[in-house]
1. Need pairs with beta-carbon distance below 9 Å; first residue farther than 22 Å from Val270 by Cα and within the range 342-369, second among the basic types (Lys, Arg) and open to solvent by 10 Å² or more (accessible area, probe 1.4 Å); sequence gap 6+ or separate chains.
2. Which members of the range 153-182 meet the condition of being open to solvent by 10 Å² or more (accessible area, probe 1.4 Å) and within 15 Å of Arg143 (Cβ to Cβ)?
3. Take the residues in the range 392-414 that are polar (S, T, N, Q) and open to solvent by 10 Å² or more (accessible area, probe 1.4 Å); name whichever of them is nearest to Met289 (Cα to Cα).
4. Within the group His445, His373, His384, which residue is modelled with pLDDT of 90 or more, closer than 25 Å to Tyr306 by Cβ and surrounded by 20 or more Cβ atoms within 10 Å (Cβ to Cβ)?
5. Would you pick out the residues in the range 227-241 that are assigned to a loop (DSSP other than H, G, I, E, B) and either buried (at least 20 other Cβ atoms within 10 Å of the Cβ) or among the small types (Gly, Ala, Ser) (or both)?
6. Any residue at all in the range 286-294 that is part of a loop (DSSP other than H, G, I, E, B), closer than 23 Å to Trp375 by Cβ, out of contact with any His (no Cβ under 7 Å at 6 or more places or on another chain) and of a type outside the set (S, T, N, Q)?
7. Restricting the search to the range 245-262, which residues are more than 15 Å from Tyr344 (Cβ to Cβ) and either modelled with pLDDT of 85 or more or of a type in the set (Gly, Ala, Ser) (or both)?
8. What is the number of the single condition among (1) surrounded by fewer than 13 Cβ atoms within 10 Å (Cβ to Cβ); (2) modelled with pLDDT of 70 or more; (3) not in a loop (DSSP other than H, G, I, E, B) that Ala496 does not meet?
Amino acid sequence: MDLSSSISSTSSSSSSLSVKSNTMPQSSLTTSYVTIPYQKFLDILVPEFDAESFSVNVAGRNHSITDSIAQCSDLESQFMSLLRIFTQDPSITFNCDLGHNGINIVSNWEEPLRLFLKVEDTDFDSDSDDGLEYLYNGFSKRRQLMCDKSVSDAMSTGIPRRHVFGVFVGKDDAYLLYYDHSTAIVSEPINWVNNSETFWGAIHTMSHLDPDRFGCETGILRLSDYVLNLDGLELLLLGVIRTSESVFGQGTSMVRARVISGGPYKDQIVAVRFSYVPKDKGWGREADMLRAIRQKAGASEGSRKYLDGFPELIASKVVPPSAMEERIRMMLGDIYDLRELRVYVFAEELYPVTSLTSDVELLKVFRDILDCHHWLYTDMQLLHRALSADNIMFRRVGNTIHGVLNDFDLAVHLDDINSPPSPLTCSEIRPFAPPDIFNKPLDPHLYRFELAALFYVIYFIIANYENGKRIPQLQDPFDGWFSSDTRGTIVPGSKAILIFDNRNIKLTSNR
């Protein structure tokens, strides 16, 4: 059964997060799934677990196992029955539907997901796993894809989430899982019926971790009412503007918020962007870049018009990697990216370009983006390097609409065009990167690459959106654009097929 489910506390919150979401397919960069011994998983990722203490709690309960399993008709029921026997904890509940409704995220966030659970269909023949290879110890590619969906649901609600714990249950074996924005760690399998202390004790411990331990950013975000505190500036989070569905990568999201205290912006509606950026891979500081851009644009009468094309930053904060991520880095070495959370607050609400319903306004936004991008290149000597459908937004000033170029973490000066990281390391950018970057990723990044990326963005939006909504398609011809292919052949190849042989593409009727 492809069951999207969770184990979470039932305590309720008095506040909820309303949602206005705009999502699109995201490419998930192929990141190594790491398998480690079961006990090492607990030692590094769940050091709170104490098998000796838990063994006292389960003494005398083994007699109930046989009777309990006999009364259950499927694997899911067996698992939940044993969970009740061994934990004796009525606060651990089983919740379905983690939040996806078509392309929209639906989440009231009354209680953040603590631990996701995937239960495999007992009728599934693992020997005929659709030709998909086994990764290790019976954890097949198919099982990986099942878990990826749950992780995507949990980490794409708009609220920043550093990591997610999970459990995968098969007929005879079970795996403990850990996902963050850089990797996935899977324990070696364990028999979930016979190992009462080491398995059920771990489940009990993981489901009762403090919010910061199951990935929530409690250092800056108060979960009781979703108030974000950035060094005295307090903002009430109101709803999602856009979010990424990628399992790995930056996990960028943008939400609406109202300033409730601090600074001159009280009661103003603003936009907040969250992004998990590799700490030591050469990513620039967007805050510094934006301040320099707006200072230059406002310095003369001729360039002042470009101020409308860039977001006005009013606050920012960097949250360093967690202690657990540092432990993972010590275990895995440099192949593991330590990530810092970057939070940016912009002075007014920004809207995704895909939500536009007017062709005239869409044309105006793209003209503004092209003008501002050209000014960046000629006057600021900058290359953006991150043009994508997510990073082109707009603002409204009275009755006038302005295109806004967003996300400058990868921007570089022309004399640093060889500086890392490559745009291909960003999952949101890969679908719109020109073939040149895939073919010669170490070559200098050129201005024409940026123009090509903008062309792909325009082509994608015109072919996929109508009246501000994604057009449903049974077989999406753009799937190849969002491939996680690491050889660099599928993405550029699929672009060539669509551009030069577009018989299967039906552009929206009014465009």
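The values are calculated or read from the model by the stated rules, or taken from the named source; none is laboratory data. Because the structure is predicted, anything quoted here is derived from the model rather than measured. Here the Cβ is made from the backbone with ideal geometry for all residues, glycine too, and neighbour counts use every protein chain on show. We work out accessible area using only protein heavy atoms, side chains counted, and drop any ligands, DNA or RNA first. Shrake-Rupley method; radii C 1.70, N 1.55, O 1.52, S 1.80 Å.
1. Going by the 9 Å Cβ cut-off, the qualifying pairs are Thr357/Lys469; Ser358/Lys364; Asp359/Arg511; Leu362/Arg511.
2. Hits for the range 153-182 are Lys171, Asp172, Asp173.
3. Step one: filter the range 392-414 for residues polar (S, T, N, Q), giving 399-400, 406.
Keeping just the survivors that are open to solvent by 10 Å² or more (accessible area, probe 1.4 Å) gives 399-400.
Working: Asn399: 29, Thr400: 26 Å.
In this case the residue turns out to be Thr400.
4. Values: His445 fails: modelled with pLDDT of 90 or more; His384 fails: modelled with pLDDT of 90 or more.
Only one candidate qualifies: His373.
5. Looking only at the range 227-241, we keep the residues that are assigned to a loop (DSSP other than H, G, I, E, B), and these are 231-232.
Answer for the range 227-241, where residues must be assigned to a loop (DSSP other than H, G, I, E, B) and either buried (at least 20 other Cβ atoms within 10 Å of the Cβ) or among the small types (Gly, Ala, Ser) (or both): just Gly232.
6. Just the residues of the range 286-294 that are part of a loop (DSSP other than H, G, I, E, B), to begin with: none.
Checked against the condition, which is being part of a loop (DSSP other than H, G, I, E, B), closer than 23 Å to Trp375 by Cβ, out of contact with any His (no Cβ under 7 Å at 6 or more places or on another chain) and of a type outside the set (S, T, N, Q), the range 286-294 yields no hits at all.
7. If we filter the range 245-262 for residues that are more than 15 Å from Tyr344 (Cβ to Cβ), which is where we start, we get 245-249, 258, 260-262.
Ser246, Gly249, Arg258, Ile260, Ser261, Gly262, listed by residue number.
8. Result: Ala496 passes all but (2).
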